[in-house]
Amino acid sequence: MTIAVRFNIQRGEFALNIDTVIPETGVTAIFGPSGSGKTTLLRAIAGLEHADNGYLKVGDTLWQGNGVFLPTHQRKIGYVFQEPSLFSHLTVQGNINYGVARAKDESSAAVLQQAIDLLGIEHLLKRMPWQLSGGEQQRVAIARALAANPSMLLLDEPLAALGDDQKADILPYLESVYQQLDIPVLYVSHSRNEVARLADHMLLLDNGEITASGKMSEIFTSLDLPMAHQSRAESIIKASVSHYDEEFGLASVAFLGGQFSVVAEPLIVGSKVRLQVLARDVSITLEPQQNTSILNIIPVTIDAIVKESKSQMTVRLIADETALLSRITCKSAYNLNLKEGDKVYAQVKTAALLT
Amino acid sequence: MILSGQDLTALFVTLKLASVSTLVLLIIGTPLAWWLSRSQWRFKYIIEAIIALPLILPPTVLGFYLLISLGPNGPIGGLVDMLGGAPLAFTFTGLVIGSVFYSMPFVVQPLQNAFTAFGQRPLEVAATLRASPLDRFFTIAVPMAKPGFITASVLGFAHTLGEFGVVLMIGGNIPGSTQVASIAIYDHVEALEYGQAHWLAGSLLLFSFLLLIIVYGTNRRYTVGQP
């Protein structure tokens, strides 16, 4: 199942022109600056925005096109808005049951309980929405969307209206939701950090057009795209914990292309993690260094080099399937005579666990 | 007996008129207010102006036109006559029709405000949770507009209670059928029966006051008159 999307929406000066295919599995982040049309795209997929001449096919089911327009309430979606938007006249339980009652056979007590457990809201069920904090309300809203057992989950910047503490509070819940559920998730965001933590795929949107789409780690590190050229350029590496060293508080994490040691709280061996490596924390040497304080040195191949300014350049390095960005001075590159295709070593000063 | 039998009957007719009119107004006014709150029609304001007319129109003017149209030669009366119905002027049914026009803005406006106040979002959420449009209306819009319904009912009821001009024009002041308390008071004053007028006026005053006390007391979170 894939999701084929084709929309041409004209709203005054703004035009949204989308023609793409969204993968069936994992989290696809719709990423772009405000006003780029992210929300409009999500609303059109939900049927909340009526795009004439649109086309939308989810798996084998035509939701829109050829004279068909399935109204929102007949689309098996879960939608989380930027504001929690709980029904103020119903309790938390009432809010969650609203969708369950209408999903009929598609939902079940087990699905409902899973939603309640995943978002940790068991203790809130009897309360009214106004008795909850903003973060709790948004958790209820997410559980409400999941309890109706949707076949696609749409989230429109669900954390944007929350404070930093509450964001940090909800992110782990979202991570476990995505790991446990086997449905496509579309996640609208303009926060790079959220995308790095949650997304598998990305659609880059700018001014109503898709400028790039693909795997999240590729989009972050592609030298053809803007993200790799920003001052905070970074690589995101999916890895799994292979060992935890209690004595030094270091976790060994393995990925396709090598292994890193990172400072971390105790972790269970085998758990999935994401590593964030800033381009400015990666340096390049021709020989593996001995007697250095840097723990993480891996052999890599230079994939591409782009000059950022008179003094700085960005180098894209490849280790097996993992891409790593390095921001170095032009003078160093000149001294080392770096060229595309060279076999070198990447020295990673800091790799942070995204948790 | 302090209140005469005829006075009691007038009070009863008044309460019956207010109750029936409020019920009819809620049935007609709810879909109308809903449509006004959601419609994008560019000439919507014309309908809004028509509904608001009784707020500024002298009741005798409204009553006069209603009398004409309800009469056997008027459009409504003629239609009823053609269908074999009894004439409407000088009947209780005629009074209800008059009251519905007269009190319409007091029901439609609070409802429209209440429906507008919660915006589109709760209905969109309900749609994503598989609720059909009718389902959304009854399970989301109506409960969320509860303060508006309370205000609309109270204002519609109380305003009909105090009706005078319209009733005078189309009611005919027939005791037991179309004579309401406000006109009975007027009759007493005309006949210089101040004692009787006092009792009837006092009853109406006390009743209206109690009604508002109960509503304000039980709905402290809501403000009657400003939903």
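The values are calculated or read from the model by the stated rules, or taken from the named source; none is laboratory data. As the structure is a computational prediction, the values presented were derived from the model and not from experiment. Cβ placement follows ideal geometry from the backbone for every residue including glycine, while neighbour counts extend to all protein chains displayed.
Answer yes or no as to whether A:PRO158 is within 14 Å of chain B (Cβ to nearest Cβ), crowded, with 22+ Cβ neighbours inside 10 Å and within 20 Å of A:GLY78 (Cα to Cα). Walk me through how you get there before you give the answer.
On the way: within 14 Å of chain B (Cβ to nearest Cβ): yes; crowded, with 22+ Cβ neighbours inside 10 Å: yes; within 20 Å of A:GLY78 (Cα to Cα): yes.
Judged against the criteria, A:PRO158 is a match.
A:ILE268 - would you say it is surrounded by 14 or more Cβ atoms within 10 Å (Cβ to Cβ), over 20 Å from A:LEU223 (Cα atoms) and out of contact with any Ser or Thr (no Cβ under 7 Å at 6 or more places or on another chain)?
No.
Please work out which one of (1) surrounded by 14 or more Cβ atoms within 10 Å (Cβ to Cβ); (2) in contact (Cβ under 8 Å) with a residue 60 or more places away in the chain is the condition A:PRO33 fails and give its number.
Among (1) surrounded by 14 or more Cβ atoms within 10 Å (Cβ to Cβ); (2) in contact (Cβ under 8 Å) with a residue 60 or more places away in the chain, the lone unmet condition for A:PRO33 is (1).
Whether any residue in region A:163-177 is over 25 Å from A:LEU41 (Cβ atoms), in contact with a helix residue (DSSP H, G or I) (Cβ under 6 Å, 6 or more places away or on another chain), within 14 Å of chain B (Cβ to nearest Cβ) and surrounded by fewer than 20 Cβ atoms within 10 Å (Cβ to Cβ) is what I want to check.
Checking region A:163-177: not a single residue is over 25 Å from A:LEU41 (Cβ atoms), in contact with a helix residue (DSSP H, G or I) (Cβ under 6 Å, 6 or more places away or on another chain), within 14 Å of chain B (Cβ to nearest Cβ) and surrounded by fewer than 20 Cβ atoms within 10 Å (Cβ to Cβ).
Could you grab me the full set of residues in region A:190-209 that are crowded, with 18+ Cβ neighbours inside 10 Å and out of contact with any Gly (no Cβ under 9 Å at 6 or more places or on another chain)?
Scanning region A:190-209 gives A:GLU194, A:VAL195, A:ALA196, A:ARG197, A:LEU198.
Kindly check whether there is at least one residue in region B:108-131 that is small (Gly, Ala, Ser) and under 15 Å from the mean Cα position of the chain (by Cα).
No: zero hits.
Filter region A:134-149 for residues that are crowded, with 24+ Cβ neighbours inside 10 Å and assigned to a loop (DSSP other than H, G, I, E, B) and give the result.
A:ALA148, the sole residue that qualifies.
Test of understanding: among A:PHE255, A:PHE220, A:PHE260, which residue is buried (at least 18 other Cβ atoms within 10 Å of the Cβ), farther than 27 Å from A:PHE31 by Cα and of a type outside the set (Ser, Thr, Tyr)?
The unique qualifying residue is A:PHE260.
Please verify whether region A:19-37 includes one or more residues that are more than 24 Å from the chain's Cα centre (by Cα) and more than 10 Å from chain B (Cβ to nearest Cβ). Even if it seems obvious, please write down each step before you answer.
Restricting attention to region A:19-37, the residues satisfying the condition of being more than 24 Å from the chain's Cα centre (by Cα) are none.
No: zero hits.
Residue by residue, here is whether (1) closer than 26 Å to B:LEU205 by Cβ; (2) of a type in the set (A, V, I, L, M, F, W, C); (3) over 22 Å from the mean Cα position of the chain (by Cα) holds:
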{"residue": "B:ILE2", "(1), (2), (3)": "yes, yes, yes"}
{"residue": "B:SER19", "(1), (2), (3)": "yes, no, no"}
{"residue": "B:LEU26", "(1), (2), (3)": "yes, yes, no"}
{"residue": "B:LEU32", "(1), (2), (3)": "no, yes, no"}
{"residue": "B:PRO58", "(1), (2), (3)": "yes, no, no"}
{"residue": "B:ALA86", "(1), (2), (3)": "no, yes, yes"}
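Yes or no: A:ILE297 in a strand (DSSP E or B) and over 15 Å from A:LEU223 (Cβ atoms)? Outline the logic, then answer.
Working: in a strand (DSSP E or B): yes; over 15 Å from A:LEU223 (Cβ atoms): yes.
In short, yes.
Scan region A:49-59 for residues that are within 14 Å of another protein chain (Cβ to nearest Cβ) and either acidic (Asp, Glu) or surrounded by 14 or more Cβ atoms within 10 Å (Cβ to Cβ) (or both) and jot them down.
A:GLU49, the sole residue that qualifies.
Being part of a loop (DSSP other than H, G, I, E, B) and either under 19 Å from A:GLU24 (Cα atoms) or at pLDDT 90 or above (or both) is the filter here, so list the residues in region A:175-206 that pass it.
Matches in region A:175-206: A:LEU181, A:ASP182, A:ILE183, A:PRO184, A:ALA199, A:ASP200.
Being assigned by TED's automatic domain parsing to the domain that holds A:ASP19, closer than 25 Å to B:GLY119 by Cβ and touching a Ser or Thr at 6+ places or on another chain (Cβ under 6 Å) narrows it down to one of A:VAL92, A:VAL100, so name that one.
Of the residues listed, the single one that is assigned by TED's automatic domain parsing to the domain that holds A:ASP19, closer than 25 Å to B:GLY119 by Cβ and touching a Ser or Thr at 6+ places or on another chain (Cβ under 6 Å) is A:VAL100.
Just give me the residues in region B:85-132 being farther than 22 Å from B:ALA152 by Cβ, assigned to a helix (DSSP H, G or I) and either of a type in the set (S, T, N, Q) or within 14 Å of chain A (Cβ to nearest Cβ) (or both), in sequence order.
Result: B:THR93, B:ARG121, B:GLU124, B:VAL125, B:ALA126, B:ALA127, B:THR128.
Matching residues to (1) β-branched (Val, Ile, Thr); (2) surrounded by fewer than 23 Cβ atoms within 10 Å (Cβ to Cβ); (3) within 8 Å of another protein chain (Cβ to nearest Cβ); (4) closer than 19 Å to B:MET104 by Cβ:
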site	(1), (2), (3), (4)
B:ASP135	no, yes, yes, no
B:THR151	yes, no, no, yes
B:GLY165	no, yes, no, yes
B:ILE170	yes, no, no, yes
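Tell me, which helices (runs of 4 or more DSSP H) lie completely within region B:1-77 with 1 or more residues that are hydroxyl-bearing (Ser, Thr, Tyr) and buried (at least 16 other Cβ atoms within 10 Å of the Cβ)?
Qualifying helices (runs of 4 or more DSSP H): B:5-38, B:59-70.
Which one is surrounded by the most Cβ atoms within 10 Å (Cβ to Cβ) among residues in region A:60-87 that are farther than 12 Å from B:ALA127 by Cα and either among the aromatic types (Phe, Trp, Tyr) or within 7 Å of chain B (Cβ to nearest Cβ) (or both)?
A:TRP63
Using beta carbons and a limit of 7 Å, which pairs, at least six apart or on different chains, have the first residue in region A:92-117 and facing chain B (nearest Cβ under 10 Å) and the second one among the aromatic types (Phe, Trp, Tyr)?
A:ASN95/A:PHE87; A:TYR98/A:PHE87
Just to be sure I understand the filter: pairs with C-beta atoms under 6 Å, separated by 6 or more residues or on different chains, first member in region A:307-335 and over 14 Å from A:SER283 (Cα atoms) and of a type in the set (Val, Ile, Thr), second member surrounded by 11 or more Cβ atoms within 10 Å (Cβ to Cβ) and modelled with pLDDT under 95. Which pairs pass?
A:THR322/A:ILE237; A:THR322/A:PHE255; A:THR322/A:LEU256; A:THR322/A:GLY257
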